[in-house]
Amino acid sequence: MSATAAPSAELFFTTAHAYQRTAALRTAIALDLFTTIGDGASTASDIARACGASERGVRILCNYLTVIGFLMKDGDSFRLTPDTSVFLTKRSPAYLGGTLQFLANPELTKNSNVLTDTVRSGKVSGDGRDTVEAENPIWKDFARAMVPFVMPAAQGIADLLDVASAGPIKVLDIAAGHGYYGITIAQRNPQAEIVAVDWPGVLEVAREHAAAAGVADRIRPCPGNAFTVDWGSGYQLALVTNFLHHFDVETCTTLLRRVAASLARGGRIAILEFIVNDDHVSPPLQAAFAMNMLAGTDAGDVYSYAEIAGMLRDAGFSDVSSHQLPNPQMVIVARKE
């Protein structure tokens, strides 16, 4: 016979104070605290001296970062966890600290302040701003800040589709953003030509990235609205990466029909998304992403594999398959009938 756990208010207080986690992480990154510890500083006084901050402030901050799991503590000494060492020190090629420029962008976080009104109305309310409105400037921040997060996915898609051996290939990259999904394909396949669709300001960033990668001559920008711009036809591959979650099922299906019409017979589509199970509450990280869509879009959501597969079939695709990436996202591939 198992004992019944006593009621606990811990979840309530942890959630009520969750804003402190973001503030502490932002502060640690601004001070370069994790890199400093990784370089050998361990006590609060040593870390404070290296970071140019107060000893009291660093001591309390480091204790808090230990409580929430970013640091470990032995006596008076702090050290990095394995995850923190990989993702939050600037010595690591997998450094994610810069992504906070987008993830904690005030234009995004302020939408949480009107969430009650948004839930009541079903649309972004009050001082909030729909993230998919025309030429929203946050997407330039996204294009600059999120490259470390997207690179493993870009490489995973290129591997999955075996683009290196595809020969001459014309690729449509919808909502190209930073451009690295198409750029990676262009790097793997010297005969690949990429048409990148996004708002003009965002494509400026993608063009910079393409130039740095040495493939700018094979990345053609196509500025405009993905639902109306004329991006041409005859494509062998279309990329729809982290885009469908901004819209409802009907709108997504409409876009996928446009994509199908532009593909050559037998052409493939690769969709990258946070995919939830049919219950829409698991896995936790992917399921929680729906709150971003509720706060920041008028119709967005996270979808299950079955839901996206249904959209693809309704749009004229077949041979639908799913492929989990090492990160929390999934690639769904289908072929035009």
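Every number here is computed from the coordinates shown, using simple stated rules; none is lab data. It should be emphasised that the depicted structure is a prediction, and the values quoted were computed from it without experimental measurement. Note: ideal-geometry Cβ built from the backbone for every residue, glycine included; neighbour counts use all protein chains shown.
Here are some notes:
- Virtual spin-label span in nm between Arg56 and Met72, 7 Å along Cα→Cβ: 3.1
- Computed from phi, the 3J(HN,Hα) profile of segment 194-207 under the Karplus parametrisation 6.51, -1.76, 1.60 (θ = phi - 60°) reads 10, 9, 9, 9, 5, 5, x, x, 5, 5, 4, 5, 4, 5 Hz, with x in place of Gly and Pro.
- Along principal axes, Cα extents of the chain, largest first, whole Å: 65, 50, 47
- Segment 117-336: antiparallel DSSP beta bridges as a percent of all, rounded to 5: 35
- Counted by neighbouring Cβ atoms within 10 Å, the residues His323, His245 run from fewest to most as His323, His245.
- Per residue, the chain reaches -12500 deg cm²/dmol at 222 nm when only DSSP H runs of four or more residues are counted, each adding -39500 (n - 2.57).
- Whole-Å distance, taken between Cα centres, linking segment 63-135 and segment 262-324: 24
- Under-5 Å amide H pairs with Ala238, H placed in peptide plane, nonlocal only: Leu172, Arg268, Ile269, Ala270
- Choice from Ile138, Ile185, Ile68 showing the highest fluctuation, given a GNM over the chain with Cα pairs closer than 10 Å: Ile68
- Close amide H partners of Val276, meaning residues 5 or more places away or on another chain with modelled amide H under 5 Å apart, are Tyr303, Ser304, Tyr305.
- Cross-link pairs exceeding 26 Å in C-alpha to C-alpha distance, out of Lys110/Lys140; Lys123/Lys336; Lys90/Lys170, comprise Lys123/Lys336; Lys90/Lys170.
- In Hz, Karplus ³J(HN,Hα) per residue of segment 226-240 (6.51, -1.76, 1.60; θ = phi - 60°; x = Gly, Pro): 4, 8, 10, 5, 8, 9, x, 8, x, 7, 8, 8, 10, 10, 10
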